[in-house]
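Below: one structure, written as structure tokens.
Computed from the coordinates by the stated procedures, all read-outs in this text should not be read as laboratory data. Keep in mind that what you see is a predicted model, and the values were worked out from it rather than measured. Methodologically, a virtual Cβ is constructed for each residue, glycine included, from the backbone with ideal geometry; neighbour enumeration extends over all protein chains shown.
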Amino acid sequence: MYQTFIKPLYLDVKTFVLDTLFPISCLACGEEGTWICADCKSTIGKLEHQRCIVCQKNTPFGLTHPHCQTPHGADGLISFLNYHDQKVADILIKGKYNFLPGIYEELGKLLAGQLKTQYPNILISNISLIPVPLHSTRKRWRGFNQAEVLCRSLSEQLNLPVADVLQRKKITKTQKDLKKDARLKNVDGAFALSPWALNHKSEVLNHPFILVDDVTTTGATLAEAAKVLKRNGAAKVICLTVARD
Ligand SMILES: [Zn+2]
Ligand SMILES: [Zn+2]
């Protein structure tokens, strides 16, 4: 009784204070009431082609070309939005650096809708979602991992489980500012199985996964995380990002 009365009141006050201090408005055009307004959702820059995670050339459905595939390589990369579009960049940069996890819930819904209509074949029943992990110090600083928020939202929309099987061991520099060789070196050895997965290796062995992140440039970070999963026997790893740079 106590809780049912107090909780909604507390939430109302919290929502009121947050909405007054930081009113929700479209991160691309400023219209109040939603993180991405309907107008921006329809005009936002979408990618026309998917690229192979290995050679960066176009490939249907984002699947890694058969001649580019290696035993521990990712099987595909699917991205939806064009990071070079100003609206896309505004939404993702403001979401990350203004500490707005709500935007990733919204983007997760958008991604889920696109997957259902354009890529229903990858949504097989036993596939699990994995967020690309942040290093614990970076997550503490930001307060949330945007990839985890995306995964939670995708999980609700698509009814797929989220697997906590990866950890980030190394604090890496931002990939965006590095040249190709430096990017590969920067993420080399960055990931490992999580302590939980080390005790439950059968949860990785022969399982298919969708590895989720907000943005990718060359796919080096995703490929490195996919490698850890494949080395531990994952059956399939499809990478999925909101945007591609
Ligand atoms: Zn807008
Ligand atoms: Zn290729």
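To the nearest 20 debye, what is the magnitude of the charge dipole of the chain about its Cα centre, counting +1 on the Cβ of each Lys and Arg and -1 on the Cβ of each Asp and Glu? Before the final figure, lay out each step's value.
On the way: 31 positive and 22 negative charges, 201 e Å.
Value, rounded to 20: 960 debye.
Put simply, the amide H of Leu211, placed in the peptide plane, has neighbours under 5 Å in Ile130, Ile238, Cys239, Leu240, leaving out anything fewer than 5 places away on its chain.
Compute the relative contact order of the chain as a whole-number percentage, counting only Cα pairs closer than 8 Å that sit 6 or more residues apart in sequence. Mind dumping the intermediate values first?
On the way: 416 pairs, mean separation 51.1, N = 245.
This gives 21 percent for the chain.
Helix content alone sets the calculated 222 nm mean residue ellipticity of the chain: runs of n ≥ 4 DSSP H residues at -39500 (n - 2.57) each, divided across all residues, give -12500 deg cm²/dmol. Ranking Pro23, Ile91, Ala192 by how far each Cα lies toward the positive end of the dipole of the chain (charges on Cβ) leaves Ala192 at the top.
Counting other beta carbons within 10 Å of each residue's own, what order do Lys41, Lys180 fall into, fewest first? Can you show the working numbers first?
Values: Lys41 15, Lys180 10.
Ranking Lys41, Lys180 by Cβ neighbours within 10 Å, fewest first, gives Lys180, Lys41.
Structure note, pairs Lys173/Lys227; Lys116/Lys185; Lys46/Lys96; Lys96/Lys179; Lys170/Lys236; Lys46/Lys201: Cα-Cα distances above 26 angstrom occur for Lys116/Lys185; Lys46/Lys201.
Where both bridge residues fall in the chain, DSSP classifies roughly 25% of the beta bridges as antiparallel. DSSP finds beta bridges in the stretch 122-239, and of those with both partners inside it, around 25 percent are antiparallel. Stokes-Einstein diffusion of the chain at 4 °C, 1.567 mPa s viscosity, Kirkwood radius from Cα pairs, rounded to a whole number: 68 µm²/s.
Report the one residue of Gln157, Ala74, Thr216 whose Cα lies farthest in the direction of the positive end of the charge dipole of the chain (charges on C-beta: Lys and Arg +1, Asp and Glu -1; origin at the Cα centre). So the residue we want is Ala74.
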